[in-house]
1. Could you derive backbone 3J(HN,Hα) for the range 295-308 from the dihedral phi with the Karplus parameters 6.51, -1.76 and 1.60 (θ = phi - 60°), listing whole Hz in sequence and x where the residue is Gly or Pro?
2. Rounded to a whole number, what is D in µm²/s for the range 195-253 from Stokes-Einstein with the Kirkwood radius over alpha-carbon pairs (37 °C, 0.692 mPa s)?
3. Round to the nearest 0.05 the FRET efficiency obtained for LEU69 and LEU238 when R0 = 41 Å and r is the Cβ-Cβ distance.
4. Around THR349, which amide H atoms from residues at least 5 apart in sequence, or from another chain, sit under 5 Å from its own amide H, with H modelled in the peptide plane?
5. Based on other C-beta atoms within 10 Å, arrange ASP93, ASP177, ASP209 from fewest to most.
6. Based only on other Cβ atoms within 10 Å, what is the fewest-to-most ordering of HIS473, HIS369?
7. Which of LYS245, LYS37 comes first, and how do the rest follow, when ranked by fewest Cβ neighbours within 10 Å?
8. Residue by residue through the range 358-366, what is 3J(HN,Hα) from phi via Karplus (6.51 cos²θ - 1.76 cosθ + 1.60, θ = phi - 60°)? Round to whole Hz and write x for glycine and proline.
Amino acid sequence: MDELQRLNSNEPTKYNSTNRNDIDYDNNSLSTWEMIKLTACMAGLQFTWTVELAYGSPYLRSLGLTTELIALVWLAGPLSGLLIQPLVGAISDKSTYKLGRRRPFIIVGGFLVCLSMAGIAYSREWAKVYLGMINSKNGDDRDEANKIAVYIAVLAFYCLDFSINAVQASCRALILDIPPLYQQETGNAWAGRMLHIGNVTGYFTGFLDLTALFPMLGDTQLKVLCIVACVIFILSLLITSLSVKEKVFEAIDDDKPWWHTIVYIYKAFRYLPVPIQRICNVQFFAWMGWFPFLFFSTTWVAEIYAQTHPTEDPNDEDFIYKATRAGSFGLLLFSFVSVAAGVIIPLFTPSTDPSRNPFTVYNIYIASHIIFFIIMMTTFFVRTEYHAISVIASVGVPWAIAMWIPFALVGEFVQKENVEAIVENTHVRPIENPDIEHVSSIASSSSSSPLVTPDEQNEEEEEFDAGMMLGVHNMYIVFPQFVISLISSGIFKLFNANSEDVEIGNNDAVGWVLRFGGFMALIAAILSCYLMDLHVYKQA
């Protein structure tokens, strides 16, 4: 049967939980505890991201950077996601290290993350060491040291974003590599839970007075927080790296030139499999909705706060602090809701034929976009900061789904194609593979060329590797960040609103940016209806 027809039919895939004779469940299944250890790295990653996002701009401002320069610093995030994730994914797919394909990149990237965090937190101290003026009290020396500190901090921010993306690409690929096909949904659900736990602990730790609790770690909140983040980050990576047993691969065809990796990435776009392409299309519009929320939700709450306190001076520092703290409190509640939703919602998905259970991942995914659209439309009716905080908190439900289902769908497709990759991949293959004959028989019994013509099979089969697929998928998440930056600027200009006007609540420009994101989510919901159901169900 043609692969495209089979995917759209009701025929279950050979690897779903209803065909238990095809898979040795005792040897392949991961227990809940093993899932937790496998995905622990995601909690440490998200904790580190939270520290950067929460304290990055205030710290750069304290060094004397202007708003325009700070915006250039924050370009490190989308640039690293655009370049590093597909590059690391492509290279790790073909790596033959004794530690495995992913763990070497996790270890090296983790070291660079900690080094970057130290560079950010102690940029002033590093500058004084560089200039040899540790004990200098001269004002001119301090000015010179501050200039060097700016360079060190900016360099450290870029290094942090690039190294975090390298670790994230490797961790995500590892989560796709290890669990079998029928546990991809469960594995990515646990990855989402770990992300939410990292969010909650990051926000909560930031609210604590860490200099009072740990005075021996530093004299500022940022210094102590960076050290705490490094400790949590290292522990989470150690848990994952020491508990996971990766297959070691050997090279088959190693005469490719260095630039073949670039060609490999290009071909991933050129020959992106249809199911993955449709997921990426949904993700593009979904994140056109998410970035307005992530960028401007705190500002929106602050604006509502300003509108409900017209007698207070909007330029007063205490007023700005209260308004911003209201937005931060909304995000804290948002993280708690996302944790609860991430734990509860995956429990409802079917483990057998879903004819009697409508809570399939596809239906839940469509519903999440519609829920996000409805929540964004309620911004029309918000009048107090308490209502605004409730709106921000409720977004935690679709956010939990966004951090789970798309990655599970990509993982299911990659694992399905992994059977043929083991047999036919022309770059690497497992050194130890006692079941190769069984795998070969499974591969030969399935479609010989999924979603491509026979003439293109050899050229495109390499594109099914986990790291490359996740890299391309991430690029569809990054692109909307650039687009939204331009569109939001246009909306602000349309409402004649500069940054100061927005913060003091002179108009509803930020509200319209959020509503624009809601309409983008509605487009994502429509596109989600066309995703290909692989008929893979979690293990009962």
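A short reminder: the numbers here are calculations on the coordinates, not readings from a lab. Only a predicted model underlies this, so the values are computations on that prediction, with no experimental measurement involved. Here the Cβ positions follow ideal geometry from the backbone for every residue, glycine too, while neighbour counts run over all protein chains shown.
1. Going residue by residue, I get 6, 10, 5, 5, 5, 5, 5, 4, 5, 4, 4, 5, 5, 8 Hz, with x marking Gly and Pro.
2. Roughly 237 µm²/s, to the nearest whole number.
3. Rounded to the nearest 0.05, the efficiency is 0.65.
4. Those qualifying (amide H under 5 Å, at least 5 residues apart or on another chain) number zero.
5. Going from least to most buried by this count: ASP209, ASP177, ASP93.
6. With the sparsest Cβ surroundings first, the list reads HIS473, HIS369.
7. Arranged by neighbour count, lowest to highest, LYS245, LYS37 become LYS245, LYS37.
8. x, 8, 6, 4, 5, 5, 5, 5, 4
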